[in-house]
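Q: One structure, pasted below without further comment.
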Amino acid sequence: MSRWLTLFLLLLVGSAEAQLWRKLHPDTILQLDLRFLPAPIIYRTPETSWGFGLSTSYYFNTASPEQRVNTRSSNIQVQAVRTLRQQTIAQMFNEVFTPNERYYIRFYVGYRDYQDRFYGIGPATAESQREDYRFESWVTATNVLYNVGKNNFVGINLRSQSMFQLQADSLGELASGTVAGSQGSKIFGFGPEWRWDTRDNPFAPAKGHYINVYGRIHPSWQADFFNFAVFRADLRLYRPLGLENVLAGRLSYLQNIGQPPFRELAMVGGDNGLRGYFYGRYRDQSLFEVHGEYRFALWKVIRGALFTGIGQIGEHPGTYFNSSWKGSYGAGLRILANKKERITLRIDYGRTLTGQSALYIEFNEAF
């Protein structure tokens, strides 16, 4: 019963959010070119199987008509999903550029009642180590950045997580309680962030670059809070190649210091990472990945994509070459749902170098 109450409350918040913004910012929000896009959600990932639910979205520009050339589009979304693996996912996220991009503000809150897999920690874990487990969690994340000029944003990022009701289905490491976070976890962290962003569109960039670097410390506020720090660098580059064709590249690095709970470790896979790997198939303190993607026009509102990537995890970069690197490749289709904002339905098939494969149906580009 509590999970459905949670879904109802989040949907209620999303429906009321436009009115709240009008009250808080009467000088700008009433002038927005705001679009309300309610839609059913049907998607598939290896982690969830098929998921079904509802989404409400606002795509808008905070600037007056004459300022919009200097202000990228913003969005507010609320989603509630139930999957064939009996997982419940409810989340709300906002990504807002204020007029003339003076500020960039992002906020996320999400609830999960989730079935997942754990294969141990390290780059060489075996399939036989798999443990299925279930948990509930709340996660919030906030980024508030100020434009200091020339598309450079600096500010602060915050993240909190509470994971509880964890139940493991086997007598492995999680059930024995030997893994950090296997009895549940709480974290709250904060730190500085820098972003250099010249992309022409945040949903499907065709040109420009994006560099995001942040550090965050998670103090042990109380006895049940985990104490660790994290550093991340994310670099992306987009180059147009003729009409509607784009070459995109991404390099990312993440390093944890201390002892984070196992769900906060760096993880390989997922729809935005090395597609083909189950997200979390490999996890450790440190992660390095390089991705390349070629996106091209096919027919009317249909686009195509070819992608590949390689990466590795370990305790730190000095351990990356102690085991084989991970790699994947694949192809996909993009169906343009909103031409002005470049909102697309993404269908990707990814395959790993060791033969695993996965189908992803999601919205917007992987990066």
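The values are calculated or read from the model by the stated rules, or taken from the named source; none is laboratory data. Everything numeric in this text was worked out from a predicted model, so none of it was measured. Here the Cβ positions follow ideal geometry from the backbone for every residue, glycine too, while neighbour counts run over all protein chains shown. When the accessible area is computed, the model is the full protein with side chains, heavy atoms only, and any ligands, DNA or RNA have been set aside. Shrake-Rupley method; radii C 1.70, N 1.55, O 1.52, S 1.80 Å.
Q: What translational D, rounded to a whole number of µm²/s, comes out for the chain from Stokes-Einstein when the hydrodynamic radius is the Kirkwood one over Cα pairs, at 37 °C and 0.692 mPa s?
A: On the way: Rh = 21.7 Å.
The Stokes-Einstein estimate is 152 µm²/s.
Q: With charges only on Cβ, +1 for K and R and -1 for D and E, what is the dipole size of the chain about its Cα centre, in debye, rounded to 20? Before the final figure, lay out each step's value.
A: Values: 40 positive and 31 negative charges, 185 e Å.
Taking the Cα centre of the chain as origin, the dipole is about 880 debye.
Q: What number of lysine-lysine pairs in the chain show an alpha-carbon separation below 24 angstrom, given a sequence spacing of 8 or more or placement on distinct chains? Show your work: numbers first, answer last.
A: Numbers: K150/K207; K207/K300; K207/K339; K207/K340; K300/K339; K300/K340.
For the chain, qualifying lysine pairs total 6.
Q: Quick check on the chain: helices-only [θ] at 222 nm, where DSSP H runs of length 4 and up contribute -39,500 (n - 2.57) each and the sum goes over total residues. Nearest 500, please. List each step's numbers first, then the result.
A: Details: 2 runs with 27 residues, N = 367.
It lands at -2500 deg cm²/dmol.
Q: To the nearest 0.05, what FRET efficiency results for V69 and L345 with a Förster distance of 35 Å applied to their C-beta separation? Let's see the in-between values first.
A: Values: r = 28 Å, r/R0 = 0.80.
Once the sixth-power term is evaluated, E becomes 0.80.
Q: In nm, what is the difference between 0.36 nm times the number of residues separating F321 and A233 and their Cα-Cα distance?
A: Net length gain for the segment: 29.6 nm.
Q: Would you please name the trypsin sites (Lys or Arg not before Pro) within the range 284-322 that are DSSP coil residues with at most 16 other C-beta atoms within 10 Å of their C-beta?
A: Working: sites: R295, K300, R303; in loops: K300.
Passing sites in the range 284-322 are K300.
Q: R102 versus L336, label points 7 Å from Cα toward the beta carbon: distance in nm?
A: About 3.4 nm, to one decimal.
Q: For the range 206-321, what % of the accessible area comes from carbon and sulfur atoms, probe 1.4 Å? Write out the running numbers ahead of the final one.
A: Working: 3230 of 5040 Å².
The nonpolar share, carbon plus sulfur, comes to 64 percent.
Q: Dipole magnitude of the range 137-208 about its Cα centre, charges +1 at Lys/Arg Cβ and -1 at Asp/Glu Cβ only, in debye to the nearest 20?
A: Working: 6 positive and 5 negative charges, 68 e Å.
Approximately 320 debye in magnitude.
Q: Given labels modelled 7 Å from the Cα in the Cβ direction, how far is it in nm from K207 to L359?
A: Between K207 and L359, the simple spin-label model gives 3.7 nm.
Q: Helix 2-24: angle to the longest alpha-carbon principal axis of the chain, degrees 0 to 90, nearest 10?
A: For helix 2-24, the angle is close to 30 degrees.
Q: Within the range 93-113, which residues have the backbone N less than 20 Å from the label spot 7 Å out from V144 along Cα→beta-carbon, could you tell me?
A: Correct set: 93-110.
Q: Same structure, new question: Quick one: accessible area per residue over the chain, 1.4 Å probe, rounded to a whole number of Å²? Before the final figure, lay out each step's value.
A: Working: 17090 Å² over 367 residues.
Using a 1.4 Å probe on heavy atoms only, each residue of the chain averages 47 Å².
Q: Work from the charge dipole of the chain (Cβ charges, +1 for Lys and Arg, -1 for Asp and Glu, about the Cα centre) and give the residue of N100, Y43, L174 farthest towards its positive end.
A: Result: N100.
Q: Now for a separate question. Give me the base-10 log of I(q)/I(0) for the range 133-284 at each q in 0.12, 0.15 Å⁻¹, Debye formula, one uniform scatterer per Cα, rounded to two decimals.
A: -0.64, -0.92
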